[in-house]
Amino acid sequence: MLPLGPDLPHTHPRPVHWLATAAALAAVVAGAAVLQPSDAKATTDTSTASAPGAGAPVVKAPDPTAADYPVDCGPAKPDVTDRASGDLDGDGRPETVAVVRCHSETGTPPSGMYVLAQPDGKNSEGGHGSGTAGKGSGSGPARPRIVATFLDPKEGMSIKDFALRGTKVSATLLGYSSEQVARCCPDLQREVNWQWKDGKFVLKALPVPGSV
C-alpha cells in the first residue's frame, strides 16, 4: 500500500509522539504526556442521577454515527471504524465508545477514540455532566455528547484489537518512530486499556513483551 501523499491534511508533519524503541516507551509511558492519548484521564461529572430502578424503560446506547466528532476531515464526516457499548461508569446508563478516522483509499489516517453519552435535555436519560455535542437540525433529536476523549487524532496514532469487556476498554495503539516511516506501516505498538476508577477514566499501558 502506498503512503499518503503530502497534499492530504492528515499527512502534514506533527510532533512525534512515540519514542524510538519499545524499551524506552515502556520506561516513560506512565509519566510522559506525549505518550498518553489526549485527555486519557478525562473526568465526567459524578453528580449523576440514580440508576433506573426495576421496570424503568431501557436506555439505548448512543448511536456513534449520529455524533459530531472534533475531527477535521474536510467536507466529509469521519468514518466510524469500530464501536462498543456498555455501562462504563456504573450509573445504569450505557455509553458508547467509538473509534473514528477520516476516510482514505490509501494509507492509514490517524484514529480518534471517544466516549459518548446520551444528549442532555428531554431526549436524554441524564447521567453525565456537560460534554461536546453537535446540535440537531430542526426539531430532530440531539446528537450524543462526547464525555471523554481516549485518543485524539492529533496524536498521530491508529488502533487495532479494539474491545470492550465488562467495563474495560482495551486496544493496541500503533505509532511511528519517525516522520520518515510510511504512514501505511506503523513500526511501534503498545497495548493499553481504560477503565473507570474513582470518578475518572484511567489509562493503563501494559508491559512491553520481554521487558522487566
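On a 24 Å Cα-Cα criterion, which of the cross-link pairs Lys60/Lys160; Lys77/Lys197; Lys154/Lys204 come out too long?
Where the Cα-Cα span goes over 24 Å, the pairs concerned are Lys60/Lys160; Lys77/Lys197.
Using 1/(1 + (r/R0)^6) with R0 = 45 angstrom and r between the beta carbons of Ser177 and Lys60, what's the FRET efficiency to the nearest 0.05?
0.60
Could you give the nm distance between label points at Gln195 and Arg165, where each point is 7 Å from its Cα heading toward the beta carbon?
Roughly 1.1 nm, to one decimal.
Taking amide H atoms as placed 1.01 Å from N in the peptide plane, list the residues 5 or more away in sequence, or in a different chain, whose amide H sits under 5 Å from that of Asp82.
Val99
Report the Cα centroid-to-centroid distance between the range 159-186 and the range 61-78 in angstrom, as an integer.
20 Å
Sticking with the crude label model, points 7 Å out along Cα→Cβ, report the distance from Asp187 to Asp72 in nm, one decimal please.
2.8 nm
Any read-out appearing in this document is the output of simple, stated calculations on the displayed coordinates, not a laboratory observation. None of these values were measured; they are calculated from a predicted model. As a convention, Cβ positions derive from the backbone with ideal geometry for all residues, glycine included, and neighbour counts pool all protein chains shown.
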